[in-house]
1. Tell me, which helices (runs of 4 or more DSSP H) lie completely within the stretch 76-180 with 2 or more residues that are within 19 Å of the chain's Cα centre (by Cα) and away from the ligand (no atom under 16 Å from the Cβ)?
2. Mind telling me which of the residues 172, 131 ends up being at pLDDT 90 or above and either loosely packed, with under 12 Cβ neighbours inside 10 Å or in contact with a strand residue (DSSP E or B) (Cβ under 6 Å, 6 or more places away or on another chain) (or both)?
3. Please verify whether residue 81 is in contact (Cβ under 8 Å) with a residue 12 or more places away in the chain and out of contact with any helix residue (DSSP H, G or I) (no Cβ under 9 Å at 6 or more places or on another chain), treating the condition exactly as stated.
4. Looking at the stretch 7-20, can you tell me whether even one residue there is in contact with a strand residue (DSSP E or B) (Cβ under 6 Å, 6 or more places away or on another chain) and at pLDDT 80 or above?
5. Any residue in the stretch 33-55 that is farther than 23 Å from residue 129 by Cα and modelled with pLDDT of 80 or more?
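The values are calculated or read from the model by the stated rules, or taken from the named source; none is laboratory data. Since the model is a prediction, treat every value here as computed from it, not as a measurement. Methodologically, a virtual Cβ is constructed for each residue, glycine included, from the backbone with ideal geometry; neighbour enumeration extends over all protein chains shown.
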Ligand code: SF4
């Protein structure tokens, strides 16, 4: 009886120690990544782990790989990580918001539940971005425009920025629309 009690106590102590170490490591990882405390169910940032497959919505003809997906209990929440700082305005760049909205739409289709928001983690700050009806509509319009452009035989340039053309990977094939 005495030996059994000692063995049981030992098992409980070891289990508590392992739980504590796991908890400490998870908390440390959370501090390093700056992510909110939630279970990470998908991640595409760790080069030491096998790459995750993309999220696919055949209905929207949309494919994407968010940096993280968090399980916050009621919702699966996408996280996009940026190497730049948050703009001085305190508002995320519109292009980043649209990219995050695309991940929200993919989560909606793949997991069957629309997330109410997503996160953009800038170098200096984490921003919670609401996935509103307006943002969703803007995304759907943008996707429709992109899909129409993909099927068109010629597309008109949408900007007047020569620097953008100078850094564009498609400049070699752009023809007269190119600004440089
Ligand atoms: S080179 Fe063509 S495709 Fe690239 S940014 Fe300029 S206009 Fe757009």
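1. Per the criteria, 94-111, 133-151.
2. Every option except 131 fails the conditions.
3. no
4. There is no residue in the stretch 7-20 that is in contact with a strand residue (DSSP E or B) (Cβ under 6 Å, 6 or more places away or on another chain) and at pLDDT 80 or above.
5. Yes, because at least one residue in the stretch 33-55 is farther than 23 Å from residue 129 by Cα and modelled with pLDDT of 80 or more.
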